[in-house]
Structure formats: C-alpha cells, structure tokens
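Q: Let me begin by handing over the structure; questions about it come next.
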Amino acid sequence: MSTQSVGYLGLLRNNIAFRRLWYGQVVSQLGDWFDSIALFALLLRLTGSGQAVGALMVAQFLPAAFVGMFAGVVVDRLPRKLVMIASNLGCAALVLLFLLVRDASQIWIIYVVAIGKMSLVAFFDPARTAITPNITTRDQLIAANAISGATWSAMLAVGAALGGVVAGTLGTDAAFILDAASFVLAALFIWAVPVHETHHHERTPTSGLHELREGLAYVFSRYDIAVYTLTKGLWSLGGGVLLLLTLFGRQVFSLGADGALSIGLLYAARGVGAG
C-alpha cells in the first residue's frame with residue numbers, strides 16, 4: 001500500500017474536485033464570521049446588554065449539539081453534495097431576515113434565525129467531511145483533512161477581521177447582505193464539484209433511530225473514542241470567556257460603528273492563535 005505523502009499546494013493544484021469543495025468551505029466559513037461580528041455589534045447597540053450577546057452564543061452553539069447527533073444519519077441517507085448546497089442556500093435566505101431587526105423589541109428574530117442557521121450548518125460539516133474520501137485518493141486524504149482543519153482557523157481570523165471592517169464602516173446591514181451572498185457563492189462552488197455518490201443507494205433499510213443508537217453505543221463502548229468525542233464539548237464549557245472579547249471590543253477598545261471593528265479584530269486574533 002502506498003504511503004507517499006501529498007503536499008498541500010499539490011493537492012489543491014491537481015485535484016479539481018477537492019479544490020472546488022475547499023473553495024466552498026472557505027467562502028461558507030468566511031460568511032459565518034461575517035454575520036457573527038455584525039450580530040454582536042447590533043445586539044449591543046440595541047440592548048447594551050452582555051447577557052443578550054451571551055444568549056446569542058447559546059443560540060449559535062446549542063443547536064449543533066442536538067442537531068449534530070442526527071445530522072450524520074441524514075447525511076448517510078441523502079446525496080452529500082445536495083445536503084451541502086441546501087445548507088448554504090438555506091443559510092443565505094435566513095441571514096437576510098436579520099435585516100428586519102430595527103429595535104430592541106425585534107431581537108427575538110435574531111435568536112430564532114441564529115438557531116435555524118446553525119441547525120443547517122450542523123449538516124454542512126459532516127457532509128463535507130464524509131464526501132472528502134470520495135474525491136481524494138488515500139494518499140491525498142491526510143493532506144485534505146489537514147487543509148480543511150486549518151481553514152476554520154484561517155477563516156475565523158480573516159472572516160472576523162473583514163466582518164468587523166464591513167460592519168464598522170458600512171454598517172451591519174451591509175455585512176448581512178455580503179454574508180448571504182457568500183453562502184450563495186459557496187453553494188455554486190460545491191455544485192461544481194464532480195463527484196459520484198452511491199452510499200445512499202447501498203444502505204440497508206434500517207431506521208434512523210436505530211442507526212443513531214448504534215453510533216452512540218459504539219462511541220461509549222470505546223474509551224478512546226468517547227474521550228475524543230467529548231473533548232470539544234468539555235472545552236466549550238469554558239467558552240463563555242469569548243463573551244469578554246465582545247464586551248472589550250464594544251466598551252473598552254471601541255473602534256468603528258458600535259465597536260464592530262475592534263470586536264472583529266479581537267476575534268481575528270483568536271483565529272490567528274488557533275492557526
């Protein structure tokens with residue numbers, strides 16, 4: 001069996017399918033941070049409350065914990081490329097609803113839309129991860145996974161910085177419109193990925209709940225797998241410290257309209273550190 005290593009640039013240059021999938025990931029994750037920075041600034045402008053921002057973080061993170069358990073079952077039963085396209089187009093439509101928020105009495109829209117958007121995102125990542133082996137060789141897979149993992153950190157840095165600049169200079173509405181456009185562009189990149197999927201035709205006729213139970217039983221029957229699965233969730237228990245970045249950006253180091261520029265720069269610094 002070949003153990004030849006594949007370089008990152010060589011993979012992106014020579015594998016057109018992975019390159020287009022990666023472009024879709026880049027644009028999609030870039031847009032995620034565009035609207036997050038704008039939402040933080042908007043909530044603080046309308047409410048002046050750190051609790052409102054904290055509630056938004058719950059609305060953004062909690063859906064993935066619940067929806068994510070079922071996302072894998074759904075992704076295994078449908079064409080993964082179609083799931084990713086639908087996720088991005090759904091996010092584009094939802095993000096435009098943020099434009100309706102004009103005063104503190106309407107901030108419930110932000111929470112409802114955020115829950116819906118992050119529920120859709122919970123389907124995108126498993127589908128992208130699962131489809132990667134279909135468009136790469138075994139020798140390319142490690143490099144492909146490494147690029148995909150590093151992209152999250154890079155897009156946090158770049159997306160937060162750009163989102164802060166746009167929201168801090170052009171306003172939050174401009175950030176939301178650009179974010180919606182980014183999801184449409186991501187869907188177009190993924191639509192152009194040449195891939196032949198057969199997994200959804202080859203499955204045995206078992207129920208989704210049965211598959212979910214099998215998956216959970218496997219995770220918790222293996223100590224090492226359980227530790228890996230729970231690690232990020234346990235780390236996230238301390239994730240509330242991220243709220244301080246928003247408050248510092250708005251109240252202490254405020255730059256740009258509603259402190260959006262400084263909030264974006266602080267989150268971008270987090271992305272640089274993660275990278």
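Q: Take every Cα-Cα distance within the chain, group them into 5 Å bins from 0 onward, and report for each bin the whole-number percent of pairs it holds.
A: Per 5 Å bin, starting at 0, the Cα pair percentages come out as 1, 6, 11, 15, 18, 16, 13, 9, 6, 3, 1, 0, 0.
Q: Taking region 140-191 on its own, what percent of its Cα-Cα pair distances exceed 15 Å? Spell out each step's value before the answer.
A: On the way: 813 of 1326 pairs.
When every Cα pair of region 140-191 is considered, 61 percent fall beyond 15 Å.
Q: Could I ask something else about it? Based on Cβ point charges of +1 for Lys and Arg and -1 for Asp and Glu, what charge dipole magnitude is obtained for region 71-160 about its Cα centre, in debye rounded to the nearest 20? Let's see the in-between values first.
A: Values: 7 positive and 4 negative charges, 33 e Å.
Using Cβ point charges on Lys, Arg, Asp and Glu, region 71-160 gives about 160 debye.
Q: Could you sort the peptides 35-46, 96-107 by per-residue average Cβ neighbour count (10 Å cutoff), highest mean leading?
A: Output ranking for 35-46, 96-107: 35-46, 96-107.
Q: Quick one: dipole size for the chain, taken about the Cα centre, charges +1 on Lys/Arg Cβ and -1 on Asp/Glu Cβ, in debye to the nearest 20. Write down the numbers at each step before the final one.
A: On the way: 17 positive and 14 negative charges, 49 e Å.
The dipole magnitude comes to about 240 debye.
Q: Between LEU78 and ASP139, what length in nm is gained on full extension when 0.36 nm per residue of separation is reduced by their alpha carbon distance?
A: On the way: separation 61, 0.36 × 61 = 21.96 nm, distance 2.67 nm.
So the extension gain works out to 19.3 nm.
Q: Of TRP191, VAL252, ALA167, which is farthest on the positive side of the dipole of the chain, counting Cα position, with +1 on Lys and Arg Cβ, -1 on Asp and Glu Cβ, and the Cα centre as origin?
A: Ranked along the dipole, the leading option is TRP191.
Q: Now for a separate question. Among 13-21, 221-229, how do they line up by average Cβ neighbours within 10 Å per residue, starting with the highest? Kindly include the intermediate steps, with their values, before the conclusion.
A: On the way: 13-21: 17.3, 221-229: 10.7.
Listed from highest to lowest mean packing, they are 13-21, 221-229.
Q: Note down the nm distance, to one decimal, between modelled labels 7 Å out along Cα→Cβ at THR169 and at TYR218.
A: It is 4.9 nm.
Q: How many nm separate the modelled label positions at VAL184 and ALA146, each set 7 Å beyond the Cα in the direction of the Cβ?
A: The two pseudo-label positions are separated by 3.7 nm.
Q: Suppose each label sits 7 Å from its Cα in the direction of the beta carbon; what would the ILE115-THR47 distance come out to in nanometres?
A: A separation of 1.4 nm, rounded to one decimal place.
Q: Counting only other residues whose beta carbon sits under 10 Å from that of ARG250, what net charge do I get with K and R as +1, D and E as -1?
A: Numbers: positive: ARG45; negative: ASP258.
Surrounding charge for ARG250 is 0.
We did not get these values from a lab; they are worked out from the coordinates using the rules stated. Computed from a predicted structure; not experimentally measured. A quick note on method: Cβ atoms are made from the backbone with ideal geometry, for glycine too, and the neighbour counts reach across all protein chains shown.
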